[in-house]
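The values are calculated or read from the model by the stated rules, or taken from the named source; none is laboratory data. Nothing here was measured: the structure is a model prediction, and the numbers come from that model. Note: ideal-geometry Cβ built from the backbone for every residue, glycine included; neighbour counts use all protein chains shown. What goes into the accessible areas is simple: the full protein's heavy atoms, side chains included, and nothing from ligands, DNA or RNA. Shrake-Rupley method; radii C 1.70, N 1.55, O 1.52, S 1.80 Å.
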Amino acid sequence: MLTRYGKRRRRIGRINPQRLGTLAQHFRLRTPVKSPTAADARAAVLVCLFQADDGHLRVILTKRASTLFSHSGQVSLPGGKREDGDGDDVDTALREAKEEIGLEPSLVNVVTVLEPFMNKQGMPVIPVIGILNAKEAFKPAPNPAEVEAVFDAPLEMFIKDDNRRQELREWNGNKYLIHIFEFEMKNKYTIWGLTASILIRAASIVYEWTPPFEEQNRSYKAAFAEKKIAKTQDLCLFAGEVALPGGKREQGDADDVNTALREAKEEIGLDPSQVNIVTILEPFVNKLGMTVVPVIGLLSNKEAFDPAPNAAEVEAIFYAPLEMFLKDESRRAEEREWMGDKYLLQHFYFEDHGKEYDIWAITAGILIKTASLVYQRQPAFLEQRPKFWSGTAHHTTT
């Protein structure tokens, strides 16, 4: 059977005894998402998998205590907000799992960290994937102040249509689908919202299987993705082209986050305090061999941002919907060749207040990558990227 993306599906089901070892290796081959150094408000959850007696993978879940102020009585993954003593997202997820359900960190083999998900409050939630080394050694000890019940469910159920329904919701004028999974094991549980989305993503990666149902992401992800795009005509390099705010690192910049925020302030007047840094993507390499690092941020208050373009660098500032970079509408591909490498350059045409913009080349490539991560789906078109974007086409001579 072919998926909607044209790839043949694997048959899912039992996991053989060697599968967990190869699964860990499979995860480690994926490029992990790097956490920014800035200690912004963020949370992490633990997707803890183990092999059941029937050979299937299962995931540990909790039912939140009914006395909690937020999401009381709902099913969730163990996790919570980062605290000062946490070194990274892995530390947060493991600490919270121990506090909530008594899961010792030494029992968990952490294999990877997935891309951040955004909740409705604009906080990034980072899923940490781990494998339970010894199922028998884990004796659940739920914290009654936070957890009412601890249970496990088969991971593959989140890429099946059985016991699933969906609801069309609207938030901030944007319509989206909520997936709701019903599960019964002694008690009945409803798994939905952000938890369901994370488990759909994890199951899709583990089983390399595209869900048989439609995924339509939430508007707060779209809002997070409305990137500021700047255009300049006075610069001799890339004059008149659409670009994301940014530039070269300077001596006073501590890291890539500092560089991106400083450049955004200089170019378009965006104060760094208004941006909640979410994550950093894998670097791109331009034709000059320079590494370009995309920094993803959430504008905390759109109304508070008063664009002030630097006339020496920027002609105009405009917004574009991120989802357009996954669609085939208003797009064309141009075949190019460089250093013997044939590739496709994607062009996206966008109109704003009567002006037409052509968003293409590395800017389009970065936005395609960002949109794919945010919406957790592949673009509706063939993407044949130039090898030099990943640095593989550059050669050093002495």
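If you go through the range 284-294, how many residues are without any contact (Cβ under 8 Å) to a residue 12 or more places away in the chain and either in contact with a Gly (Cβ under 8 Å, 6 or more places away or on another chain) or at positive phi (or both)? Final tally of qualifying residues: 0. The residues in the range 60-113 that are touching a Lys or Arg at 6+ places or on another chain (Cβ under 9 Å), at negative phi, modelled with pLDDT under 90 and surrounded by fewer than 18 Cβ atoms within 10 Å (Cβ to Cβ) can be counted, and the count is 2.
Of everything in the range 249-263 that is under 22 Å from the mean Cα position of the chain (by Cα) and among the hydrophobic types (A, V, I, L, M, F, W, C), the residue that is least open to solvent (accessible area, probe 1.4 Å) is Val257. Per the conditions (1) more than 24 Å from the chain's Cα centre (by Cα); (2) surrounded by fewer than 14 Cβ atoms within 10 Å (Cβ to Cβ), the sole criterion not satisfied by Glu329 is (1). Against the test of being closer than 24 Å to Lys302 by Cα and open to solvent by less than 10 Å² (accessible area, probe 1.4 Å), the options Pro124, Pro116 yield a single qualifying residue, Pro124. Taking the criterion of being loosely packed, with under 13 Cβ neighbours inside 10 Å and either modelled with pLDDT of 90 or more or part of a strand (DSSP E or B) (or both), the residues of the range 186-198 that qualify are Asn187, Lys188. Given the criterion in contact with a helix residue (DSSP H, G or I) (Cβ under 6 Å, 6 or more places away or on another chain), assigned to a strand (DSSP E or B) and open to solvent by less than 60 Å² (accessible area, probe 1.4 Å), identify the matching residue among Ile368, Ile317. Unique residue meeting the criteria: Ile317. Taking first residues from the range 42-54 that are farther than 15 Å from Ile131 by Cβ and of a type in the set (Gly, Ala, Ser) and partners that are open to solvent by less than 20 Å² (accessible area, probe 1.4 Å) and assigned to a loop (DSSP other than H, G, I, E, B), no Cβ contact under 8 Å between residues at least 6 apart in sequence or on separate chains turns up. Kindly indicate the residue of the range 265-274 that is within 11 Å of Asn310 (Cα to Cα) and outside any loop (DSSP other than H, G, I, E, B) and also most open to solvent (accessible area, probe 1.4 Å) among those meeting that condition. The selected residue is Lys265. Taking the range 80-173 and the strands (runs of 3 or more DSSP E) fully enclosed by it, the elements with 2 or more residues that are under 23 Å from Val295 (Cα atoms) are at 108-113, 124-132. Among the candidates Leu237, Leu298, the residue that is crowded, with 18+ Cβ neighbours inside 10 Å and modelled with pLDDT under 90 is uniquely Leu298. When you scan the range 339-360, do you find a residue that is closer than 30 Å to Ile200 by Cβ and open to solvent by 50 Å² or more (accessible area, probe 1.4 Å), even just one? No: zero hits. Given the structure, is Ile277 outside any helix (DSSP H, G or I), aliphatic (A, V, I, L, M), over 20 Å from Phe318 (Cβ atoms) and under 17 Å from the mean Cα position of the chain (by Cα)? The answer is yes for Ile277. Do we have any residue at all in the range 41-59 that's open to solvent by 20 Å² or more (accessible area, probe 1.4 Å), at pLDDT below 90 and under 19 Å from the mean Cα position of the chain (by Cα)? Within the range 41-59, one or more residues are open to solvent by 20 Å² or more (accessible area, probe 1.4 Å), at pLDDT below 90 and under 19 Å from the mean Cα position of the chain (by Cα).
Residues in the range 277-291 that are surrounded by fewer than 19 Cβ atoms within 10 Å (Cβ to Cβ) and over 14 Å from Glu115 (Cβ atoms): Pro283, Asn286, Lys287, Leu288, Gly289, Met290, Thr291. Applying the criterion of being touching a residue at least 60 places away in the same chain (Cβ under 8 Å) and hydrophobic (A, V, I, L, M, F, W, C) to the residues of the range 127-137, the residue that is surrounded by the most Cβ atoms within 10 Å (Cβ to Cβ) is Val128.
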